[in-house]
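The values are calculated or read from the model by the stated rules, or taken from the named source; none is laboratory data. Here the structure is a predicted model, which means the values were calculated and not measured. No Cβ is skipped: glycine too gets one built from the backbone with ideal geometry, and neighbour counts run over all protein chains shown.
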Amino acid sequence: MLSKAPASSRRRFTRRQWARRWPVVRAVLLLLTVAGLVAAAGWLVFFSSVLAVERVEVEGAGRVGDLEVTDVAAVPMGAPLARVSLEGVEGRVESGLPEVAEATASRTWPNTLSIEVRERIPVAVVDRAGSWWLVDATGMQYREVDTAPAGLPVVRSADDPSAPDVATRDAAGAAAVVIAGLPADLADRLRSVDAATTDSITLQLTRGVQVMWGSSTDSARKAEVLAVLLDTGHRLPGEVYDVSVPGSPTVSAQ
């Protein structure tokens, strides 16, 4: 009888010790399990071929083809999708294809990288020393063409810009910004634009009307003033309209 009591006490003591330690052991096991799952998930996403790039999809391409976009994007096929730099893809497309104004790359799980492009829309064609360049609303001259496309106003500049991607730092770019901001009724009448400098822009309208616009500053106000001056019921005699200072417009004969 005397030998059984110590053994029973030891068992009770052991159970109590285990009961006190079990929450800690359980927490450690849980942490190890979670760490293992995270490690497995990380390997699956970032290193395995299970979620690797298998397809590249292009949306929004029109004048530039899907193949052109995918070639320039240089997406590493077979690489883990999560490790592909979206910024790198976007930068390569925008810098490699001047006709693309903006590229947006995204991941479509499990195996597709998507590229959406927004192409530039020409608002005019620029005559640069005998060559024709399309220019968009930002003033960027982005593509040379053989002939001036019908329906686009022609911008003639005394400058020969060495950096056609700079929007408003050259006369032709400033003229394009003016063109893009014209209301529809004036845009329909526009035939060509002379841009000697960024501060000396002249619009050539139908019926021999010439408009001294000045710079691209305050173009909305200038358009409002010109619309009033050209109104058939209030039209003043003359073909040369000067709205370079919209608060003091003038009309004169050529």
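A compact table of results
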read-out	value
Complete set of residues in region 238-254 that are in a loop (DSSP other than H, G, I, E, B), surrounded by 12 or more Cβ atoms within 10 Å (Cβ to Cβ) and of a type outside the set (D, E)	G238, V243, S244, V245, P246, P249
Looking only at region 72-85, and only at residues there that are in a helix (DSSP H, G or I) and at pLDDT below 95, the one that is surrounded by the most Cβ atoms within 10 Å (Cβ to Cβ)	L81
Residue in region 201-215 that is outside the structural domain of P98 (by TED's automatic domain parsing), modelled with pLDDT under 95, of a type in the set (G, A, S) and farther than 16 Å from Y241 by Cα present	no
Some residue of region 169-178 being modelled with pLDDT of 90 or more and under 20 Å from V228 (Cα atoms)	yes
Which listed residue, of V69, V123, V64, is surrounded by 13 or more Cβ atoms within 10 Å (Cβ to Cβ), farther than 30 Å from S157 by Cα, touching a residue at least 12 places away in the same chain (Cβ under 8 Å) and out of contact with any Phe, Trp or Tyr (no Cβ under 7 Å at 6 or more places or on another chain)	V69
Tally of residues being exposed (fewer than 15 other Cβ atoms within 10 Å of the Cβ) and under 23 Å from A172 (Cα atoms) across region 95-117	2
Every residue from region 184-237 that is free of Cβ contacts under 8 Å to residues at least 40 places away in the same chain, touching a Pro at 6+ places or on another chain (Cβ under 7 Å) and either exposed (fewer than 14 other Cβ atoms within 10 Å of the Cβ) or assigned to a strand (DSSP E or B) (or both)	L190, R191, S192, R221
